[in-house]
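Read-outs throughout are calculated quantities, based only on the coordinates presented, and are distinct from any laboratory measurement. Here the structure is a predicted model, which is why all the values come from computation and not from measurement. Neighbour counts run over all protein chains shown; Cβ positions are idealised from the backbone, glycine included.
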Amino acid sequence: MTGVPPHEWPEAEWRALVGRVRAGRRLKPARWKDGARCAFALSFDCDHETFEMGAGGRTVGRLAWGQFGRRVGVPKILDLLGRESVPASFFCPAVAALLDPDEPRRIAAEGHEVGIHGWIHENNSLLPYETERALMLRARDALAGLVGRDPVGLRSANWDTSPNTVRIVEEMGLLYDSSLMADEECYELELDGRPTGVVEVPVEWLRDDAVYFLFNRNPATRPYATPDDVHAIFLREFEAAWAEGGVFQLVCHPFVIGYRSRLWILESLIRHAKAKGDVWFATHAEVAAFAKAHG
């Protein structure tokens, strides 16, 4: 009811709003693949220049900032993952991938997952159903044309989902979404009270590098934390996931984490997890598929 204050909403309206997309059954396996105690799922949002363009921006300086992600960040990240033999998921806006097709091709060739992250990092929550669906299909087809296989997962840009996003994910036959945060473990998404079969690999702002490092000039904010502080937060998240036998999921951005003073955070987390032992390093698609089959 547009223009009506929330305290005047009828019960049917607030129940329908809350019930549109909900967390259904929890998909937490007793043990992970090969009996591992904990799953370790790294992800990288390759927004690059679309971080600026998706919001309608045209600032040359911020486009250059995005280019750092593809020019420096992604190669450093891929080199690190290769040295450590750790797979990861890379969520790529189609426009970012089309600007440099060799990047998603290298990502896929090195055994990593390429997932959908919008067409141009658009805000899905502002789009009508037809437009959102058309852009998601267009993005899927563009990525598939570059890497030779259909993506199976979606991460909405900025995690902005509309009331139709899960419906579209289900219609497309995707395995999973990774944009919501109703749990710390994987769960099945429900739409209007019915199970969809779509797995949610949940995210959280505290497991996102941009929350701590991203700089904004308008408004003038810099929620800066030291790399040591961020490392400590991520490490505590991993330790808790390991203790509970759950999944440690992390979101990073190549133009944020890919600096000399920050990339060590990922290397340290990986090596700590290896030393801890009993950890399965997996892509989001692998985690979603295992959770769906064994949760």
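One table, with the values for the structure above:
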{"item": "Residue order, fewest to most beta carbons within 10 Å, for Ser43, Ser261, Ser89", "result": "Ser261, Ser43, Ser89"}
{"item": "Those lysines that a straight Cα-Cα span of less than 21 Å connects to Lys274, excepting residues fewer than 8 apart in one chain", "result": "Lys33, Lys76"}
{"item": "Residue with peak Gaussian network fluctuation, the chain [Cα springs, cutoff 10 Å], from Val60, Val169, Val152", "result": "Val60"}
{"item": "Charged-residue dipole, Cβ positions (Lys, Arg, Asp, Glu), the chain about Cα centre, Debye nearest 20", "result": "600 debye"}
{"item": "Among Pro101, Pro163, Pro128, residue whose mean-square fluctuation peaks in a GNM of the chain (springs only between Cα atoms under 10 Å)", "result": "Pro128"}
{"item": "Least to most buried among Phe215, Phe238, Phe91 (fewest other Cβ within 10 Å first)", "result": "Phe215, Phe238, Phe91"}
{"item": "Least to most buried among Glu84, Glu132 (fewest other Cβ within 10 Å first)", "result": "Glu84, Glu132"}
{"item": "Rounded to 5, the percent of DSSP beta bridges in the chain classed as antiparallel", "result": "30 percent"}
{"item": "Cα centroid separation - segment 139-155 against segment 250-266, whole Å", "result": "24 Å"}
{"item": "Centre separation in Å (Cα based) which lies between segment 83-121 and segment 177-227", "result": "19 Å"}
{"item": "Of Asp45, Asp228, Asp177, the one that fluctuates the most in a GNM where the chain has Cα springs shorter than 10 Å", "result": "Asp228"}
{"item": "Estimated [θ] at 222 nm from DSSP helical runs (n ≥ 4, -39500 (n - 2.57)) normalised by residues in the chain, nearest 500", "result": "-12500 deg cm²/dmol"}
